[in-house]
Amino acid sequence: MKRQILDTLGELSFVSRGRLQEMARREGMTLQPFQQRVLSFVGRFPDQKQQQLMQQFGRDKGQVARAFKALEQQGLIRRCGRSTPKRIVQAEMTPEGEAYFQRLEQVRLTLAEAALEGFSEQEAHQLEAFLRRIIHNVGRTEETPSGQEPRE
């Protein structure tokens with residue numbers, strides 16, 4: 001039973017990511033999956049640096065740097081904070097990036113609503129509490145980067 005729960009959580013992660021990408025493509029969103037995740041991270045946690053993103057996604061510095069560079073070249077983010085011409089330490093959304101982010105957030109909301117179809121408000125809160133407890137138990141004690149709440 002215990003292994004089955006981890007398998008089910010893994011399956012949920014895999015299926016939901018795939019469905020999110022499929023829904024985004026249908027909406028004409030053409031960023032690569034990891035670039036969309038990075039843009040979403042920058043949008044939801046605007047004060048975070050590249051280092052926190054690496055920790056959140058478990059990716060190496062090169063992967064994150066390439067995603068930042070690609071998003072910058074597409075005009076979706078710009079350097080800010082202590083960034084230099086050679087290194088993006090922190091980024092913020094451009095107006096185009098904000099518009100893309102808002103479209104992506106709408107897709108995420110649609111997927112979340114579909115996932116919770118048939119759940120009461122109380123059941124949805126209970127599910128979230130259980131999932132956060134599992135995250136804590138697995139050792140990821142930070143619910144969000146640096147203890148910040150994502151912007152709404």
Of a type in the set (Asp, Glu) and either at pLDDT 90 or above or closer than 17 Å to VAL107 by Cβ (or both), is that true of ASP47?
-> no
Looking at (1) at pLDDT below 90; (2) out of contact with any helix residue (DSSP H, G or I) (no Cβ under 8 Å at 6 or more places or on another chain); (3) surrounded by fewer than 16 Cβ atoms within 10 Å (Cβ to Cβ); (4) not polar (S, T, N, Q), can you tell me which one ASP60 breaks?
-> (2)
Might you let me know whether region 82-93 holds any residue that is modelled with pLDDT of 90 or more and either out of contact with any Gly (no Cβ under 7 Å at 6 or more places or on another chain) or aliphatic (A, V, I, L, M) (or both)?
-> yes
Check every one of the helices (runs of 4 or more DSSP H) wholly within region 3-109 and list those with 2 or more residues that are aromatic (Phe, Trp, Tyr).
-> 33-44
Of all residues in region 1-42, how many are surrounded by 11 or more Cβ atoms within 10 Å (Cβ to Cβ) and either among the acidic types (Asp, Glu) or in contact with a Ser or Thr (Cβ under 6 Å, 6 or more places away or on another chain) (or both)?
-> 2
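For residues in region 1-39 being among the polar types (S, T, N, Q) and without any contact (Cβ under 8 Å) to a residue 24 or more places away in the chain, which is farthest from GLU105 (Cα to Cα)?
Of everything passing the filter in region 1-39, GLN4 is farthest from GLU105 (Cα to Cα).
The values are calculated or read from the model by the stated rules, or taken from the named source; none is laboratory data. The structure presented is a predicted model; accordingly, all values stated were derived computationally and were not measured. A quick note on method: Cβ atoms are made from the backbone with ideal geometry, for glycine too, and the neighbour counts reach across all protein chains shown.
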